[in-house]
Every structure is written in C-alpha cells, then in structure tokens.
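Working notes, structure below.
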Amino acid sequence: MMPTAPVASAGNWAASTPPLLRFLNACHRDFGSDNSGEIAHYIPELGKAHPDHFGISLATLDGHVYEVGESRVPFTIQSMSKPFVFALALDTLGAGRVEGVIGVEPSGDPFNSIRLNAENHPFNPMINAGAIACSGLILEAKGDAAFDTIRQALSRFAGRELDMDDAVYSSESATGDRNRAIGYLLRNSGVIKADVSKVLDVYFRQCSVLLTARDAAIMAATLANRGVNPVTGEQVMTPYAISRTLSVMTSSGMYDYAGEWIYRVGIPAKSGVGGGILAALPARLGLGSYSPRLDSHGNSVRGIRVCEALSSHYGLHILSRSDDARNSVIADYNIGKSASRRSRRPQERKILADHHQDVRVIELVGTLSFSNVDYVSRELASRPRPQFVIFDLRRVAAVTPAGSRLLAEEFWELARFNVTVILSGIDRASAQWKSICEWTAGLSNLRNYPLLDDAIEWAEDQVVYRHGGNIYAVETAELSEQALLAGLNDTELDRLASLGGLKTYRPGEKIIMAGAPARSLFFLRSGVVHVKLPSGIRLATVSAGMAFGEMALLETHRSADVYADASVTALEVPLADFERFREDNPRAGERIMRNLAQLLADRLILANTKLNLLTAN
Ligand code: GLN
C-alpha cells in the first residue's frame with residue numbers, strides 16, 4: 001500500500017510541510033497499522049520492547065533531519081553496529097589485515113549462521129561471524145579500550161555521545177552461547193587470536209549500544225556522504241572504509257534477504273534485531289527506522305516497508321540514476337564578451353579587442369564530477385586554443401575524486417600547449433582542492449586569484465604586454481581628454497579647471513569613503529584608482545582621463561570607497577561650484593549630463609551582458 005497522494009490528505013498538515021516530510025508521515029500512518037512480525041525473544045531483554053513503537057527519520061546530506069513518530073525512542077543497535085565496526089577495523093588495522101581474515105561474499109545464510117567459507121573465514125562482516133571477527137580485531141589493536149573505541153566511533157557517526165543498555169548486554173551475555181560457538185570456531189581457524197570470552201564481551205557490548213531512529217538516520221547519512229557526518233561536519237572514517245562498508249551492506253546487509261533487497265529496494269541497508277534499519281543512499285540521504293516487530297529474516301517489518309516505499313515512490317534504486325554532464329558550466333565566454341572592470345586606455349583597448357580570443361573564462365557551478373570535467377575539457381578543445389583559461393570556481397560546492405583527477409590532468413594538458421591556467425574563487429589550502437594542488441605541483445603555468453575580476457584583469461594585462469602595450473605608462477590626461485567633459489570648449493574647460501583644486505594621493509590612500517556625503521567630483525589626471533564596495537567587491541578600476549565620484553551629480557552620499565592604486569593626481573571640483581558652473585554655462589552643463597548618461601548606459605549594457613552570460617545558454 002502506497003502512502004496516499006499529498007492532495008488527498010492535504011488537510012492533515014500545515015501548509016508549509018515539505019513534501020518529503022509529508023511522505024514520511026504517510027508511511028508512518030499507513031505502515032503503523034501493520035502488526036505482523038514478532039519481537040525478538042531469543043535475547044530475553046529485547047522482548048520488553050514496546051511492539052507499537054514506530055519511528056522514522058531521514059537525514060539529508062546538507063544536515064537536515066526529518067523525524068516522524070517515535071524517532072527519539074532509544075533501542076539497541078544490535079547488528080546495525082556491524083557496518084560501522086567493519087569501517088573502524090579497516091581504518092584501525094588497515095585493509096590488508098581485515099580483508100585477509102574476513103570475506104566479502106554474501107553467504108545467503110541467516111545472521112547467526114555457524115558456517116565459515118572455504119578458507120575457514122567468515123563469509124562477510126555483516127553476519128555475526130564476520131562481526132565477531134571485527135570485534136576481535138579491534139580488541140587486538142586496542143586491548144581493554146576496545147569497546148570504548150567502538151562506542152566512540154559509533155558516537156561520531158551519530159554526532160552525539162551514545163551509551164550502552166546494561167540490561168540488554170547482560171541478557172545477551174547470559175544467552176549468547178551460539179555467538180560464543182562462532183567465536184571458538186573463529187579462534188580455531190586463526191581468524192581471532194584474542195581470548196574468545198573477551199572478544200564476545202566486546203561484541204555483546206557493541207550490540208547493546210543505545211540509539212534512536214534519528215541517530216540511525218544520521219549514521220546512515222554519514223555513510224552516504226563518504227564518511228563526513230552531515231550534521232557535525234566531521235570526517236568520521238576514510239572514504240575507502242566507507243565505500244567498502246557500503247559494498248558489503250549492498251551485498252549482505254539484509255542477511256538471507258540481501259539479494260532480494262538489493263534487487264527490489266536497491267539501497268544499501270543494515271538491520272538489527274532490536275528493530276532498527278538504516279539505509280544509506282550514496283550522495284543522497286540516510287534513513288533510520290525503528291519498529292521492533294521482525295520478519296522471519298530478523299528484519300523490522302515496518303522498517304522494510306518504509307524503505308520499499310521510499311525507493312519505489314521516488315525511484316531511488318541505486319542503479320537507476322542518470323546525470324547531465326553539462327550542468328556544471330554556468331558561463332563560458334572570452335574577454336570580448338565580458339572584460340575586467342579595469343578601464344583601459346585606447347591603445348590597450350585596441351590590443352584587447354584584437355586578441356579577445358586569447359582569454360577564455362569558464363565559470364563552473366555545483367559538483368565537479370568525472371562527467372562534468374570531461375565535458376569541460378571537450379568544450380575547451382572544441383574551439384581555437386586560448387592563451388589563458390580562467391576557471392572560476394567560486395560556485396563549485398564539491399569536487400569528486402574523479403573530478404579532481406581529471407581536472408588536474410586537464411591542467412597538465414593545457415600546460416603542454418603553454419596555456420596559462422588561472423583559478424579564481426577558491427582557497428587553494430582548503431581540503432577540497434588539496435588533491436588538485438598536489439597533482440598539479442610543479443606546474444608553473446597555474447595561477448590563483450580570489451576574485452574572478454582580478455584574474456581577468458591579470459590575463460588582460462598579459463595580453464597587453466605580449467602585444468607591446470604598457471599598462472603602467474605614466475600618463476597625464478588633460479581635462480580635455482575626460483570622457484565626462486567631451487564636447488566642452490577650451491574656455492569652458494579653463495573655467496572648470498579654475499574651480500577645482502589639484503590633489504595628490506599616495507598608493508593605497510583612501511580618497512572617498514562609502515557613506516560619506518557626496519560633496520565633490522574628481523577628474524583623474526594621473527595614476528590609477530579603484531572603486532570598491534565595503535564588502536570588498538571591486539566595481540571598477542579607473543585610470544587617467546576618467547572621472548570618479550561623479551555619481552555625486554545624482555546621489556547625495558558616496559556608495560563606494562575609492563582607493564589610490566598608485567600615486568595619483570586628481571582635480572577635485574566641489575559639487576556646489578560644479579552646479580553653479582552648469583547654471584552659468586547651460587550648453588556645457590547639458591553636454592556633461594549627456595556624457596554622464598552615456599557612461600551610465602555603457603555600464604548598464606556591460607552589466608546586462610555579464611548577467612546574460614550567466615542566464616543564457
Ligand atoms: N546481538 C545480536 C546477535 O548477535 C545481533 C543480531 C542481529 O541484530 N541480527 O544475535
């Protein structure tokens with residue numbers, strides 16, 4: 001029975017219920033009436049569980065946790081501890097040691113089967129034999145601290161301190177002879193070397209750790225997130241241990257129901273006789289459920305139904321996925337379409353116009369995966385090779401290991417053709433770029449800028465140099481060269497010059513402060529200034545012959561800071577004098593306002609072009 005469609009039951013929930021929560025509520029309601037199955041009695045204390053308790057929780061990889069029903073009722077973890085202790089063993093003792101004594105083949109047997117494989121090793125770590133072997137390995141490595149090491153590892157997966165249920169532990173210890181038999185068999189075949197009773201004590205304690213459906217969801221989400229707990233952000237285990245753990249959950253997590261499970265539900269999962277099930281869908285979610293009535297395989301009846309419903313309703317089968325390789329390129333252009341914010345003199349402008357294809361900018365977004373990066377490399381190869389490629393990565397949320405590898409290889413490929421690669425918008429020291437940086441160490445053609453605009457400006461400068469331009473030429477621009485004053489005659493210009501005072505500024509000096517009253521405008525005579533928002537975003541770089549602070553003509557307060565880049569001389573004209581000049585010289589006043597409108601229109605066109613680059617395809 002599928003949960004009813006949201007529309008049918010819309011009145012039951014507040015209007016703002018996220019659909020996924022609505023779905024979980026429907027599962028809870030619909031499957032809550034299924035009273036089939038039996039509570040596990042072979043561990044007497046488990047028989048005391050409340051048969052009607054039913055909690056569901058789903059944790060997303062951005063750390064949101066949905067909860068329905070008895071999601072905070074504690075129960076014992078039992079076999080759901082197995083995947084985590086296997087991961088712990090891999091990371092603690094090394095894969096070679098662990099894989100040398102525990103197999104990874106499904107056994108098709110029940111969880112408590114007393115049967116080893118042809119090498120006299122446990123079939124896999126998801127059944128009791130393999131799990132007891134894991135506990136033995138942890139004991140070997142940690143001695144008396146073994147159980148606490150396990151408890152702490154489970155706690156890190158859950159993101160909170162987990163305790164143990166003493167009554168369940170004593171109950172299982174008192175009745176656990178079948179597991180002891182398995183332990184002796186393992187010792188007999190050399191899989192465990194430690195004292196069997198000590199190994200079993202660790203195992204029984206580990207099975208008695210208390211958790212809730214919420215904890216199970218977060219633990220599963222940590223598995224689904226390559227070992228990073230999405231709530232605490234902690235990398236709990238290595239990606240290797242996590243992926244191998246998910247492998248054995250996929251093939252053997254549901255005991256003698258495992259084949260059927262992965263065929264029908266298709267989500268790696270693990271159950272426990274305490275009534276818990278956790279399911280980890282890589283890169284998507286973690287699900288935890290608690291309902292103590294079990295089917296004949298020892299899996300929670302209602303929990304299984306929740307997993308089945310979630311998988312079929314949303315089509316979440318792990319092998320039923322597709323992806324669009326193109327979706328990480330948000331913009332791809334050259335500097336002819338969108339240049340840096342630096343204002344350029346005519347000679348530089350000409351060089352850049354002639355060579356606009358030399359600088360290509362690719363803005364990327366989201367996750368850089370194997371397919372996305374491959375697509376980007378083909379896009380780059382499909383057009384004439386530029387001399388500079390800027391990859392803007394500020395919107396990149398993650399890079400998969402395959403994506404990093406391929407990206408590093410692409411950088412090497414570009415270097416072979418002497419193409420300079422410039423990255424913007426990343427912190428190269430951050431964890432996610434670490435491997436790329438390692439794989440590109442020794443690559444001299446790789447540069448890094450925090451801001452895209454700075455990266456474009458640097459590449460433009462290189463193009464200008466390569467074609468004989470000189471961006472730092474000391475140049476003085478007369479008032480007659482000012483774009484804002486175009487069309488004024490000499491008398492008008494002289495009159496205007498007499499109203500102002502010539503100011504000089506040292507490199508780095510602040511000339512205008514955002515928020516201050518706008519009482520003057522400046523005509524830059526020599527040097528370079530840049531206009532910056534208080535947030536640090538640079539709006540423009542202005543060179544000799546341009547005005548700045550000219551928005552004073554329209555606005556009462558300064559909207560941005562202006563700093564001198566180099567030694568600067570500028571004519572500062574008080575606004576009051578300027579207004580009087582306009583009144584006394586209406587023709588000149590009219591020209592100036594037209595020029596201003598033209599400059600603003602140019603800026604608007606530029607801004608629109610930039611916006612279109614991002615939205616148009
Ligand atoms: N502690 C239980 C046992 O070993 C765990 C079994 C399970 O949850 N399937 O019997």
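Remarks
- Hits in region 229-250 (condition: of a type in the set (Val, Ile, Thr) and either open to solvent by less than 40 Å² (accessible area, probe 1.4 Å) or part of a helix (DSSP H, G or I) (or both)): 236, 242, 245, 248, 250
- Options 520, 535, 559, 480: the member that is open to solvent by less than 30 Å² (accessible area, probe 1.4 Å) and not hydrophobic (A, V, I, L, M, F, W, C): 520
- Conditions (1) in contact (Cβ under 8 Å) with a residue 60 or more places away in the chain; (2) more than 16 Å from the ligand (Cβ to nearest atom); number of the one not met by residue 117: (1)
- Here 567, 543 are screened, and the one residue that is open to solvent by 60 Å² or more (accessible area, probe 1.4 Å), within 27 Å of residue 506 (Cβ to Cβ) and of a type outside the set (D, E, K, R) is 567.
- Of all residues in region 427-436, those being assigned to a loop (DSSP other than H, G, I, E, B) and either open to solvent by 40 Å² or more (accessible area, probe 1.4 Å) or in contact with a Lys or Arg (Cβ under 7 Å, 6 or more places away or on another chain) (or both) number 3.
- Checklist (1) closer than 16 Å to residue 301 by Cα; (2) open to solvent by less than 50 Å² (accessible area, probe 1.4 Å); (3) touching a helix residue (DSSP H, G or I) at 6+ places or on another chain (Cβ under 9 Å) applied to residue 61, failing item: (1)
Every residue, every condition in (1) open to solvent by less than 10 Å² (accessible area, probe 1.4 Å); (2) part of a helix (DSSP H, G or I); (3) in contact with a helix residue (DSSP H, G or I) (Cβ under 6 Å, 6 or more places away or on another chain), yes or no:
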{"residue": "115", "(1), (2), (3)": "no, no, no"}
{"residue": "118", "(1), (2), (3)": "no, no, no"}
{"residue": "134", "(1), (2), (3)": "yes, yes, yes"}
{"residue": "171", "(1), (2), (3)": "no, yes, yes"}
{"residue": "178", "(1), (2), (3)": "no, yes, no"}
{"residue": "194", "(1), (2), (3)": "no, no, yes"}
{"residue": "205", "(1), (2), (3)": "no, yes, yes"}
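- Residue 97 being open to solvent by 10 Å² or more (accessible area, probe 1.4 Å), of a type outside the set (Phe, Trp, Tyr) and in a helix (DSSP H, G or I): yes
- Matching entry among 328, 271 (being of a type in the set (S, T, N, Q) and either open to solvent by 40 Å² or more (accessible area, probe 1.4 Å) or within 16 Å of the ligand (Cβ to nearest atom) (or both)): 271
- Criterion violated by residue 289 - all others in (1) within 19 Å of residue 73 (Cα to Cα); (2) away from the ligand (no atom under 14 Å from the Cβ); (3) open to solvent by 10 Å² or more (accessible area, probe 1.4 Å) satisfied: (3)
- Residue in region 177-200 that is free of Cβ contacts under 8 Å to residues at least 60 places away in the same chain, aromatic (Phe, Trp, Tyr) and closer than 22 Å to residue 115 by Cα present: yes
- The single condition from (1) small (Gly, Ala, Ser); (2) without any contact (Cβ under 8 Å) to a residue 24 or more places away in the chain; (3) within 30 Å of residue 522 (Cβ to Cβ) that residue 441 fails is (3).
The values are calculated or read from the model by the stated rules, or taken from the named source; none is laboratory data. Worth saying up front: this structure is predicted, and the values here are computed from it rather than measured. We place every Cβ from the backbone using ideal geometry, glycine too, and count neighbours over all the protein chains shown. Just the protein is used for accessible areas: all its heavy atoms, side chains included, with ligands, DNA and RNA removed. Shrake-Rupley method; radii C 1.70, N 1.55, O 1.52, S 1.80 Å.
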